[in-house]
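Derivation of every value follows stated rules applied to the coordinates shown; laboratory data play no part. Owing to the predicted nature of the structure, the values given are computational and were not obtained by experimental measurement. Cβ atoms come from the backbone with ideal geometry, glycine included; neighbour counts cover every protein chain shown.
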Amino acid sequence: MQHLVEHGLVASKAVHRLDLPNPPTTRSLRNDIGDLRSRLKHAAYDTTAGQLPNGHLSVSPLLGVGKNNPLSRVILELIASAQQQLTICTPYFNLPLPVTREINRALARGVKIDIVVGDKTANDFYIPPTEPFKVIAALPYLYEISLRRFAKRHQPMINSGQLNLHLWRDGDNTYHVKGMWVDERYTLLTGNNLNPRAFRLDLENGLLIDDPQGQWLAPRRTELAQIFQHVTRIEGYQQLQTLVDYPPAVGKFLRRVSRVRIERLLYRIL
């Protein structure tokens, strides 16, 4: 990671120190930024010095930026590899279409799936209705709308217990957990929000833990137990609120967004 930061980022003409006077404008760096992004699409962590034979506990660092990047591919492959159980944590429920497809395929082959998302009040962007409205305050409600649609489409799976959607809430704390736990072998720790922006635009990192001998099961179970300590299972999509239940300012903004048909664009970039 140090080598990539020094040679892949700091050495780029697009990267400048912020503690020096008169930093260049973004506009003036447009070409350099494009060059950096192009280089990062082909960048990867050098793990040759730490490779282990198959069958050993290993941690593999992953890097991804832009469409069809290595990290995104691994995420899809992990979901596709699940045979018994899959747990997904994401703070913003706005799944890319390829992820939704793999989840549906996993459900079709009988995999039990748990998805843990933050209650809208545990979202980073949540603003209480008692405070002045800002556009950014609509984001938690957009994510809840997306979650409600997903739950409605999958209600039979929820009823059977094969699909479990959980809302995390712990007082005034915010929820920003991201990761995947596949069967009792793979764990992915990542900054990827599992949303279209992470799959198409942002530079994302991940650590893939492969535990073929079950050496890491105890701390893994402890970690999951701590996450599930503050969740409530969604028994039916009707538990989630709709536009009529939202604060007036939020409802008014979301109706306006829906009328001008930019809701789909928002889901792609947020």
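Note the full-extension length gain between I33 and H56 as 0.36 nm times their separation in residues minus their Cα-Cα distance, in nm to one decimal. Show your work: numbers first, answer last.
Working: separation 23, 0.36 × 23 = 8.28 nm, distance 3.95 nm.
The span from I33 to H56 would gain 4.3 nm if fully extended.
Distance in nm between label sites at E184 and Q83, each 7 Å beyond Cα in the beta-carbon direction?
About 1.3 nm, to one decimal.
Which FRET efficiency value, to the nearest 0.05, do you get for R73 and R109 by plugging their Cβ-Cβ distance into 1/(1 + (r/R0)^6) with R0 = 25 Å?
0.80
Relative to the present Cα-Cα distance, how much length would full extension add between T222 and T25 at 0.36 nm per residue of separation?
Roughly 66.2 nm would be gained on extension.
Considering only DSSP beta bridges whose two residues both sit in the chain, what percent are antiparallel, to the nearest 5? Write out the running numbers ahead of the final one.
Details: 24 of 35 bridges.
Here the antiparallel bridges make up roughly 70 percent for the chain.
Less than 20 Å apart at the alpha-carbon level, and either on another chain or at least 8 residues along: which aspartates and glutamates does that give for K41?
E6, D32, E77, D202, E204
First measure r as the distance between the Cβ atoms of K41 and Q238, then evaluate 1/(1 + (r/R0)^6) with R0 = 41 Å and state the FRET efficiency to the nearest 0.05.
The pair K41/Q238 has a calculated efficiency of 0.40.
Determine the calculated [θ] at 222 nm for the chain from helices alone, applying -39500 (n - 2.57) to every DSSP H run no shorter than 4 residues and normalising by the residue count; nearest 500 deg cm²/dmol. Don't jump to the answer; show the numbers that get you there.
On the way: 9 runs with 92 residues, N = 270.
When only DSSP H runs of four or more count, the value is -10000 deg cm²/dmol.
Given the C-alpha centroids of the stretch 165-198 and the stretch 32-50, what is the distance between them in whole angstrom?
Comparing the Cα centres of the stretch 165-198 and the stretch 32-50, I get a distance of 25 Å.
For Q155 and A249 in one chain, what is 0.36 nm times their gap in residues minus the Cα-Cα distance, to one decimal in nm?
30.8 nm
Out of all Cα-Cα pairs in the stretch 107-220, roughly what percent, to the nearest whole number, are more than 17 Å apart?
Above the 17 Å cut-off, the stretch 107-220 has 67 percent of its Cα pairs.
Let a ≥ b ≥ c be the square roots of the eigenvalues of the Cα gyration tensor of the stretch 27-103; is it rounded (a/c under 1.5), or, if not, prolate (a/b larger than b/c) or oblate?
Values: a/c = 2.91, a/b = 1.28, b/c = 2.27.
The shape class here is oblate.
Between L97 and N205, with labels modelled 7 Å along Cα→Cβ, what's the label distance in nm to one decimal, could you check?
3.2 nm
Among the trypsin sites (Lys or Arg not before Pro) within the stretch 101-158, which fall in a DSSP loop and have no more than 14 other Cβ atoms within 10 Å of their own Cβ? Intermediate results must be reported in sequence, preceding the final value.
Values: sites: R101, R105, R109, K112, K120, K134, R148, R149, K152, R153; in loops: R109, K134.
The qualifying sites are R109, K134.
Q85's amide H: which non-local residues (gap 5+, or another chain) put their own amide H closer than 5 Å, with H modeled 1.01 Å from N in plane and none for Pro or chain starts?
K112, D183
Calculate I(q)/I(0) for the stretch 67-269 by the Debye formula, one identical point scatterer on each C-alpha and no solvent, and give its log10 at q = 0.08, 0.13, 0.16 Å⁻¹ to two decimals.
For the requested q values the scattering log ratios are -0.27, -0.73, -1.11.
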